[in-house]
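To start, the structure itself, in structure tokens.
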Amino acid sequence: MAFIREEFLTELRDRTDIVDLISNYVELKKHGRLSKGCCPFHSEKTPSFTVYEDTQSYYCFGCQKGGDAITFIRDIENLDYVESVKYLAERAGLNMPEDNYDDTLAKKKQRMIYMNKEAARFYHNYMMSPAGKAGLDYWLSRGLSMSTIRHFGLGYAPDDWRMLLNHMRGLGYSESELHEADLAKKSEKNGNVNYYDNFRNRAMVPIIDLRGNVLAFGGRVLDDSKPKYVNTADTLIYKKSLQVFALNFAKSSGEKRLILCEGYMDVIALHQAGFTNAVAGLGTALTDEQVRLISRYADEVILSYDADEAGQNALKKAMDKFQYTDLEVRALSLTGGKDPDEIIRKFGAERFKSIVDGAANEVEYKLLEAKKGLDLSSDDGRVKYMRQVVPILAEIRNAIERDVYTSRISEETGVTKDAIVLQIKDVSARRNRQNQRVDFGKLPVDLKKQTQTKVEKAEETIIASLQNNPDFLKKIDESIRPEDFKSELMRHVYEVLISRLKAGLPADLIYLSSEFTPEEMGHIVRIQTNGQVISNTLSEVMDCIKVMKEDQTKGAVNPSELSNEEFLKLFKQ
């Protein structure tokens, strides 16, 4: 547990307004004393993310994320507890106290960031030297200018097994540290451990986060040998599923739309051509986390994927990911080249701009895909087309938009509009029936709470009552002990609460976040939030304690000693 002075946390709390903080990431709208918006932690179109100004907390009723300002920064910025406190302290203009908190992990992460920065500098400088001419020639052969090469910090890894290792050791970094950052690999043979450079004879692209830190690298071969790419594996500071390439540049482009590409080479080429709002996902497939990150910086996304089968399959998957956001999504139909880089090199930036301006929206793209390979002049072709089109039209929520497309399809196929509308209603009704057959195992946590046992409800009610009514402490403390709680989490929360309250210390969420994980904080906030809408009278609390005691008594009964009648009675209870 990290120890940070109470006085400092109090000052940090007083200087941090959670609504103002979260507004930097989420568009919030005031609803009385609450503020609501679409959750930044999962994709949704209907806002279920609520910020409570009075308790300086937040909770999402969709994904159950919740907590205080520190928890929010931990989750949204992927930081640990101490790093999050430092982040908020810097934002509030406070200096971290000279306490004995354990910031070993934070220091280790920072050292890895410095290490990657030095490695990026080494790769770039080596490329600019006579020995690295092969790397520079490669980038120039791709049509990149020296300005673009410098802007993205591109480099070249020597065709050598230990050149980076030796250079970094001269700067004070150990081989094991380089291995942890995936800058080096290791082999073990006959009890001997040998380290060697991970990237060799490759054109190097540094992966930079939103704060300008070099987190990782992508390395591409200069020819057609395999493997074509070697990328940094996940490390202490890098999770490819959480990062979006070039978003650090694109967020400052002044555009509220982003062009999402498959790879970083397309992005680099687009930036050089003036499309500085281009980005790319990292990893083999777009992730929910990347979609949410993109959603924070754009109102519209244009999907620019390769024209080959693999690219179009990836585009369809990406489109499915974005359908749960409120972003406008469009898809490019690339003609004249397999990818944006090739089109720009062949025909110039204006040609690509015209393709962007003519990008099909999500519905239009799906309709075009449905039409491929079908002969609409034949009855069979029209029937097959309508079978694919009706489910697409049924997905359109906006009645006017659906009517426009229905009219167009009717004119295009000769099928009456009434017939199409009838089929849309049939598909919608069938989907509604399917949605009602809910798999209970997949329900959100809050819905599952309907099946809570009496004891679980009692324990949570006691915790909520203590959070909202600290004056209940004496009576509750006289009646139950921490070991009376069945839930391990509730027991820990109870221990922390009574320990603080007995010492005369506040029990605000900011003082609890060092004790609990972000997931546990979400659970605590849910209990606190629910506790504000129940009576929370001392009488109710005592009833809950009675339920806990009765359960303990029931649990003390040995079923083997009961008669058949007694056992059946216990079973029914």
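The values are calculated or read from the model by the stated rules, or taken from the named source; none is laboratory data. Computed from a predicted model, the values in this text were never measured in an experiment. Don't worry about glycine lacking a Cβ; one is built from the backbone with ideal geometry, like all the others, and counts go over all protein chains shown.
Against the definition (of a type in the set (Gly, Ala, Ser), at pLDDT below 55 and part of a helix (DSSP H, G or I)), how does residue 535 come out, yes or no?
Numbers: of a type in the set (Gly, Ala, Ser): yes; at pLDDT below 55: yes; part of a helix (DSSP H, G or I): no.
Considered against the rule, which asks whether it is of a type in the set (Gly, Ala, Ser), at pLDDT below 55 and part of a helix (DSSP H, G or I), residue 535 comes out as no.
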Of (1) in contact with a strand residue (DSSP E or B) (Cβ under 7 Å, 6 or more places away or on another chain); (2) of a type outside the set (Phe, Trp, Tyr); (3) part of a loop (DSSP other than H, G, I, E, B), residue 35 satisfies every one except (3)
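Here's the yes/no breakdown for (1) out of contact with any Gly (no Cβ under 7 Å at 6 or more places or on another chain); (2) in a helix (DSSP H, G or I); (3) modelled with pLDDT under 95:
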| site | (1), (2), (3) |
| --- | --- |
| 236 | yes, no, yes |
| 248 | no, yes, yes |
| 252 | yes, no, yes |
| 266 | yes, yes, yes |
| 279 | yes, no, no |
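Restricting to the stretch 81-124, name every residue that is of a type in the set (Asp, Glu) and farther than 19 Å from residue 216 by Cα.
83, 90, 98, 99, 102, 103
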(Q) Kindly evaluate residue 54 against the criterion of being more than 19 Å from residue 519 (Cβ to Cβ) and outside any helix (DSSP H, G or I). (A) yes
Worksheet item: Quick check: is even one residue across the stretch 87-107 among the aliphatic types (A, V, I, L, M), within 20 Å of residue 524 (Cβ to Cβ) and under 25 Å from the mean Cα position of the chain (by Cα)?
Response: yes
Inspect the stretch 287-304 for any residue being in a loop (DSSP other than H, G, I, E, B), under 14 Å from residue 240 (Cα atoms) and not charged (D, E, K, R) and give the result as yes or no. yes
> Looking at the stretch 47-64, is at least one residue at pLDDT below 90, among the small types (Gly, Ala, Ser) and touching a helix residue (DSSP H, G or I) at 6+ places or on another chain (Cβ under 8 Å)?
Replying inline: no
Using the structure shown, decide if residue 370 is over 30 Å from the mean Cα position of the chain (by Cα), farther than 28 Å from residue 307 by Cα and in a helix (DSSP H, G or I). no
The condition of being of a type in the set (Val, Ile, Thr) and at pLDDT 80 or above holds, among 553, 529, only for 529
Within the stretch 283-293, of all residues that are out of contact with any strand residue (DSSP E or B) (no Cβ under 6 Å at 6 or more places or on another chain) and surrounded by 20 or more Cβ atoms within 10 Å (Cβ to Cβ), the one farthest from residue 364 (Cα to Cα) is 292
Requiring at least 1 residues that are closer than 23 Å to residue 349 by Cα and modelled with pLDDT of 95 or more, the helices (runs of 4 or more DSSP H) wholly within the stretch 125-187 are 133-141, 146-151
Checklist line | Residue check, residue 332 closer than 15 Å to residue 361 by Cβ and either in contact with a Gly (Cβ under 9 Å, 6 or more places away or on another chain) or β-branched (Val, Ile, Thr) (or both) | finding: yes
